[in-house]
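The values are calculated or read from the model by the stated rules, or taken from the named source; none is laboratory data. Just so it is clear, the model here is predicted, and its values are computed rather than measured. Ideal geometry is used to build each Cβ from the backbone, glycine not excepted, and the neighbour counts take in all protein chains shown.
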Amino acid sequence: MLAQTQRLTLVEQVAYQIQGKIENSEWQVGMRIPPEPELMEQLQVSRNTLREAIRALTYAGLLKTRQGDGTYVCSSSVLGSVIKKVIQHTDKLESLEVRYALEREAAVLAALRRGEEDLEAIRTCLDQCRQAASQHDLKAYAHWDVEFHKMVIAASHNQLMANLYNHISEALQNMVLETKDFKNATFYLDSHDLLYQAIANQDCHQAEMAVRLYIEKAHAKLC
């Protein structure tokens, strides 16, 4: 016998509406959501109902409330929030092994499937990395390094792989900040350039080797 379906409570309905705005990128990560009076008017709900919904989404990791400042979006999806929490409590070497698995396969697929727009996007990120390194801007360097890998993943034209990688990208950026310094910047930039050239030349073997080079370097730094 099938179990009787349960109707959503008003709090759940409000939470789903807010979650939809986040997952549809109407409210993006880092954005402060509208104040309570405005949301209450838009949703036609009481303050208590709205607060319960926001509390539920905060617990799920989508929102974060800053006392006296407001409530901010801190993840683009529930899945992203869960993955971020898992990575934060995972050994760094294990996280690096997951990176290697994803980035190696993506590099091979990108070499097979890349288009001219993919190459342009990858090249732009690599150029930005070099510029940040020349200016000794570690935060910008970490940002563009992660963007570089995201563009390689995108060039694989595997949407599921891209979605998974995008969800872990914030945690990866923190890892980049921890594992990289400008002493080894030339090595990483050269290995990334090697990866770009391999993808441009559609050389799957060379693409895989380029990923192994920079992952092994990062592994040595963590050990």
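Observations on the model:
- Selection from the range 197-214 of residues that are under 15 Å from Glu116 (Cα atoms) and surrounded by fewer than 22 Cβ atoms within 10 Å (Cβ to Cβ): Gln197, Ala200, Asn201, Gln202
- Residue in the range 91-110 that is among the polar types (S, T, N, Q) and assigned by TED's automatic domain parsing to the domain that holds His192 present: yes
- The range 16-44 - residue that is among the charged types (D, E, K, R) and in a helix (DSSP H, G or I) and, of those, farthest from Ser76 (Cα to Cα): Glu41
- Selected residue (only one of Ala101, Ala106, Ala111, Ala53 is free of Cβ contacts under 8 Å to residues at least 60 places away in the same chain, under 18 Å from Ala162 (Cβ atoms) and touching a helix residue (DSSP H, G or I) at 6+ places or on another chain (Cβ under 6 Å)): Ala106
- Taken over the range 149-188, the criterion of being buried (at least 19 other Cβ atoms within 10 Å of the Cβ), modelled with pLDDT of 90 or more and either over 12 Å from the mean Cα position of the chain (by Cα) or among the basic types (Lys, Arg) (or both) is satisfied by Lys150, Val152, Ala154, Ala155, Ser156.
- The set of residues in the range 94-139 that are outside any helix (DSSP H, G or I) and either of a type in the set (S, T, N, Q) or over 20 Å from Phe187 (Cα atoms) (or both) comprises Arg114, Gly115, Gln135.
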